[in-house]
Structures are given as structure tokens and as C-alpha cells.
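The values are calculated or read from the model by the stated rules, or taken from the named source; none is laboratory data. This one's a predicted model, so the numbers in the text were calculated from it and none came from an experiment. Cβ: placed from backbone, ideal geometry, glycine included. Neighbour counts: every protein chain shown. We work out accessible area using only protein heavy atoms, side chains counted, and drop any ligands, DNA or RNA first. Shrake-Rupley method; radii C 1.70, N 1.55, O 1.52, S 1.80 Å.
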Amino acid sequence: MEFLEEFLGMAPAIYHLTDGDYSSETDRHDPYGGGNFPLQEFLARIPDGARVTDEAKRISRTDLQEFVADHVYIDSLLNGSTAELQSEDGRRD
């Protein structure tokens with residue numbers, strides 16, 4: 001988290017958000033809930049009103065359901081809920 005605090009000190013104009021392997025240097029862009037990033041801690045440090053890009057990988061190039069699932073997942077983190085639902089393709093929704 002020290003690196004994140006240093007980054008926040010630069011007052012970025014936009015934040016890149018995804019999930020992945022927290023111990024790896026590889027930026028895997030896992031679907032939210034598919035990695036072990038401390039997303040709730042990250043979200044708590046993003047200033048209100050900041051712009052955030054959703055960088056999670058997508059299976060479909062035509063179906064917006066994965067974006068809806070991301071919104072529901074992130075909203076549940078912001079509101080303290082840990083409930084997850086599984087979709088037909090095995091991803092949470």
C-alpha cells in the first residue's frame with residue numbers, strides 16, 4: 001500500500017482499476033473477484049468524484065452483461081456487501 005499512497009500523492013486525474021495477483025508484477029486484468037487485489041482498500045482511497053477506468057478482461061465483445069456484473073460487484077464492495085452470484089459462464093454477476 002505504500003506505493004499506492006505515493007501514487008495518490010501525485011493527484012492523478014484518472015484511476016485504472018482491475019483485479020489480479022497482488023504478489024505479481026504482471027497486470028493480468030482479471031475480472032473483479034477473480035484475483036486477490038484488496039479492491040475495497042483501493043476503492044476507499046480513490047477520491048470522491050474521481051474518474052475510474054474499468055480495465056477488467058471481457059469474454060464477450062458484444063454483450064454488456066459483464067459490465068453490469070462489474071458494476072454490481074464494485075457497488076457491493078462500496079456498500080460493504082460480500083455477496084457474489086455466479087453466471088452461466090462461471091463468472092460472478
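General remarks:
- Counted residues, segment 44-63 - those being assigned to a loop (DSSP other than H, G, I, E, B), open to solvent by 60 Å² or more (accessible area, probe 1.4 Å) and closer than 17 Å to Leu4 by Cα: 2
- Within segment 1-43, tally of residues that are under 28 Å from Leu64 (Cα atoms), open to solvent by 80 Å² or more (accessible area, probe 1.4 Å) and not polar (S, T, N, Q): 6
- Among the residues of segment 9-26, those identified as hydrophobic (A, V, I, L, M, F, W, C) and either touching a residue at least 60 places away in the same chain (Cβ under 8 Å) or under 19 Å from Gln40 (Cα atoms) (or both) are Ile14, Leu17.
- Top-ranked residue of segment 12-43 - restricted to ones that are assigned to a loop (DSSP other than H, G, I, E, B) and either under 14 Å from Leu78 (Cα atoms) or of a type in the set (D, E, K, R) (or both), ranked as farthest from the chain's Cα centre (by Cα): Glu25
- Test: residue in segment 18-31 that is touching a Ser or Thr at 6+ places or on another chain (Cβ under 8 Å) and modelled with pLDDT under 90: yes
- Within segment 55-62, not a single residue is at pLDDT below 90 and of a type in the set (Asp, Glu).
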